[in-house]
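Everything below concerns the one structure shown next.
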Amino acid sequence: MATPPRLEAKPLYRRLDSLFSGLDTSQPQSRVLEAFVEDFFRTLREDLRLRAAFLYAEQRDDLTLLRSLGDPGGAAETLDPTNPTLQLVFRHRVYVFNRPTEPDAPFSTGILPAGPAAAIVVGRRPRRHVLFFLLADGWAMEELDFALNTVRAALGSRLLDERTRGSLRQAAEIQQSLLVEDPPDFPGFDIACRSEATEEVGGDFYDFHPFDDEMLGLAIGDASGHGLPAALLVRDVVTGLRMGIEKEFKVAHVFERLNRVIHRSNLSSRFISVFYGELEVNGTLIYVNAGHPPPLLFDREGVHSLETGGTVIGPLPEVRFRRGYTRFEPGAILVLCTDGVLERRNAAGEFFGEDGIKAVVRSHAEGSAEQILEALFDTVQAFGRGAPWEDDTTAVIVKRLPLAP
């Protein structure tokens, strides 16, 4: 069988997020997880090269097999919590056993049939659930690690009890207090920004960090999902980014440290795309794009896509980011936005996309940043037939003013 094409990080987590959004968390936790495992296995079996899946639930003295899918022959019906394989999974929360004959591998300790395997744990003692997967030929470590870390974190955030959710509502209020409403004044530039949330609190943000009259930091981000889990993640990222930028100017290093912090967190969905740039008054823009839809820079030479950086923040424990550089000439216009703009659909199911943004900017290039922003939102809203926003929708417009004669 041919190896499937490699999956890009952002499309993969979008597919996973669509699975999470379908969870009925009013059901008992074990039923929720059984339904999710079925959907996950059916949807991503071929892409992730999964042979079988097994869901175990913690009982009083052991873990009992609740559900098996695929080719499950030979899996243990009950597991001893002191089993060395389980101890590794409990310690790391996500573990890939790529050498099936090692002493602590599931095959060696009698849990699964022979072959490479992976496992995640969801929840805390005494209500832990463990998911084991047998892997088929052609599986890729990076894709599998990304997907399983996504599953562990997102399931954990959606299975919180109501008492914990009350604390999350308070955290959401703190998150809102962190976000700015209006852009700062920056010499030689005209800036406008706007965000529309689908719920009371959203997973989009924009932020500005004035260093002095010579340099302005600006950021935009989009957390996976909506509502409280996404709001918590925004709070963590905004706070972490502000603190990191205050301490040093090596922005790629700040992103790497921020990624490690978000990866270890337990109360958020943990997956966010972020674009951060440092704009100098002379027009130099240094930036890092962490898996965010590339901002578009319009100037006399055309339209430039600002893509340099790395993957989204959170899923993987260690990632590297690169800095990008560009020039912001007088009269140039920079458009930063989230998926709510790009993925707005018309009656035919077509996305608004980059072409829609380009058409708006070219038609209103002589206007102010605020006029361009209003035209963009009006056009996107009309494109979707005036329907309510399906996703948090955010845009920032930065226009460099012409030089004085």
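Any read-out appearing in this document is the output of simple, stated calculations on the displayed coordinates, not a laboratory observation. All figures in this text were calculated on a predicted structure; none of them were measured in a lab. Using ideal geometry, Cβ is built from the backbone for each residue, glycine included, and neighbour counts are taken over all protein chains shown.
Before moving on, here are some points about what is shown:
- In the range 344-387, the trypsin sites (Lys or Arg not before Pro) that fall in loop regions by DSSP, at most 12 other Cβ within 10 Å: 385
- Under 13 Å, Cβ to Cβ, from residue 219 - net charge with Lys/Arg +1 and Asp/Glu -1: -3
- Rounded to whole numbers, the Karplus 3J(HN,Hα) couplings from phi for the range 367-378 are x, 6, 4, 5, 5, 5, 4, 5, 5, 5, 5, 4 Hz, using 6.51 cos²θ - 1.76 cosθ + 1.60 with θ = phi - 60°, and x at Gly and Pro.
- Cα extents for the chain along the principal axes, largest to smallest and rounded to whole angstrom: 80, 48, 45.
- Each residue of the range 320-328 was assigned a 3J(HN,Hα) from its phi angle through the Karplus curve 6.51 cos²θ - 1.76 cosθ + 1.60 (θ = phi - 60°); the sequence is 10, 10, 10, 8, x, 10, 8, 10, 10 Hz, with glycine and proline shown as x.
- Binned Cα-Cα distance frequencies in the range 331-405 - 5 Å width, integer %: 3, 16, 29, 23, 14, 8, 4, 2, 1, 0
- For the range 9-159, convex hull volume per residue from C-alpha positions, Å³: 98
- The helix-based estimate of mean residue ellipticity at 222 nm for the chain, built from -39,500 (n - 2.57) per DSSP H run of four or more residues and divided by its residue count, is -11500 deg cm²/dmol to the nearest 500.
- Bins of 5 Å from zero: percent of alpha-carbon pairs in the range 172-400: 1, 7, 15, 19, 21, 17, 12, 6, 1, 0
- Amide hydrogen neighbours beyond the local backbone of residue 401, cut-off 5 Å, H modeled: 189, 190, 331
- In this structure, residue 99 and residue 351 have a Cβ-Cβ separation that, at R0 = 45 Å, corresponds to a calculated FRET efficiency of about 0.55.
- The GNM of the chain, with springs linking C-alpha atoms under 10 angstrom apart, assigns the highest mean-square fluctuation among 262, 313, 191 to 191.
- Of 14, 152, 60, the one that fluctuates the most in a GNM where the chain has Cα springs shorter than 10 Å: 60
- DSSP assigns beta bridges within the chain; of those with both partners inside it, close to 95 percent run antiparallel.
- Among 140, 219, 57: highest mean-square fluctuation, GNM of the chain, C-alpha pairs under 10 Å: 140
- Distance between the C-alpha centres of the range 308-329 and the range 131-152: 24 Å, rounded to the whole angstrom.
- Rounded if a/c under 1.5, otherwise prolate or oblate - the range 273-345, Cα gyration tensor axes: oblate
- Summing Cβ point charges (Lys, Arg +1; Asp, Glu -1) relative to the Cα centre of the chain gives a dipole of roughly 1320 debye.
- Residues with amide H under 5 Å from that of residue 51, placed H, sequence gap 5 or more: 134, 135, 136
- Under 5 Å between amide hydrogens, built in the peptide plane, is the criterion, and for residue 204 it picks out 223 among residues at least 5 positions away or on other chains.
- Residue-wise HN-Hα couplings along the range 112-121, as the Karplus relation 6.51 cos²θ - 1.76 cosθ + 1.60 with θ = phi - 60° gives them from phi, are 10, x, 5, x, x, 8, 9, 8, 9, 10 Hz; Gly and Pro carry x.
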